[in-house]
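Derivation of every value follows stated rules applied to the coordinates shown; laboratory data play no part. Note that the structure is a prediction, hence the values are computed from the model and not measured. In this analysis, Cβ positions are derived from the backbone assuming ideal geometry, glycine residues included, and neighbour counts consider all displayed protein chains.
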Amino acid sequence: MKRIYGYVNGKAVYSRDEFIFESRGFGPIENDDELLSFAQAVTSNWYHAGWHRTFTSYYLSDYAMSEPYRSLTLTEFERLKDLQKEAIEAEKAAEVACEWRHKETIYWADNSIEEVWVDKYGNTKTVLLTGPHGDAC
C-alpha cells in the first residue's frame, strides 16, 4: 500500500515531486532557460524583503514555504543553485577583468566613508564602506 504524501485539489499524491507537478500544473522542467524564467516568475522578479534583487544576489532559501523552493522539485532546486553559482563566478570574473583601481577615499561630514574606484575603461564606481552615523559622544 502506498503512503499518501498529500492532496492537491482533492487528488492524492504520493511524493513531493508529484505534489509539485500537480500544484503548478505541469511536469518536470528540463531546460535551464525555462528553470530560470519559472524561478524568476514565482519570486516576482527576484523580489525579497521589499527589494528586487538580481539572480546572483537573491538568497535561495530551502525553507519549505519560500520561493522558488516551494515550487520546484529537489532536483530542479539543486540545478538552480548550481546555475546561480556559475553566474556568480562569471560576474566575479567580469569584475576582475575590469581591473578596478582605487582613486580616492572620501570621509563625509555625516561620518560615512566612500571609496571611488576607476576601471581600465574609465568607468567610475563608488563603494560605501561605512554608512552615515552619529558621533559616540
In whole Hz, the Karplus estimates of ³J(HN,Hα) for the stretch 98-104 (6.51, -1.76, 1.60; θ = phi - 60°; x where Gly or Pro) are 6, 6, 5, 10, 5, 9, 7
Expressed as a rounded percentage, what relative contact order does the chain have, with Cα pairs under 8 Å and six or more residues apart?
-> 13
Tabulate in residue order the Karplus-calculated ³J(HN,Hα) for the stretch 58-67, using 6.51 cos²θ - 1.76 cosθ + 1.60 with θ = phi - 60°, rounded to whole Hz; enter x for Gly and Pro.
-> 6, 7, 8, 7, 9, 5, 4, 9, 8, 8
Select one label from (1) 1.01; (2) 1.18; (3) 0.98: the one whose number is Rg/Rh (Cα atoms, Kirkwood Rh) as derived from the coordinates shown.
-> (2)
Okay, which of the stretch 65-95 sit inside 17 Å, backbone N to the point 7 Å along the Cα-Cβ direction of Phe21?
-> 71-77
Stretchable slack from Glu115 to Ser44, in nm (0.36 nm times residue separation minus alpha-carbon distance) = 22.3 nm
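Taking K and R as +1 and D and E as -1, what net charge do the other residues with C-beta under 14 Å from the C-beta of Tyr7 add up to?
Details: positive: Lys2, Arg3, Lys11, Arg16; negative: Glu18, Glu22.
Result for the local shell: +2.
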Lysine pairs within the chain, Cα separation less than 18 Å, 8 or more sequence positions apart or different chains = 6
Take the alpha carbon atoms of the stretch 8-52, find their center, do the same for the stretch 70-97, and report the distance between the two centers in whole angstrom.
-> 17
Scanning the chain for GluC sites (Glu not before Pro) in DSSP loops with at most 11 other Cβ atoms within 10 Å, what's the longest stretch left with none?
-> 31-98
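Calculated FRET efficiency, Lys125 and Asn31, Cβ-Cβ r, R0 35 Å, to nearest 0.05?
Approximately 0.50, to the nearest 0.05.
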Roughly how many nanometres apart are two label points built 7 Å out from the Cα toward the Cβ at Ile106 and Asp62?
-> 4.3
So what's the back-of-envelope 222 nm ellipticity for the chain, counting only DSSP H runs of four-plus at -39500 (n - 2.57) apiece and dividing by all residues, rounded to 500?
-> -10500 deg cm²/dmol
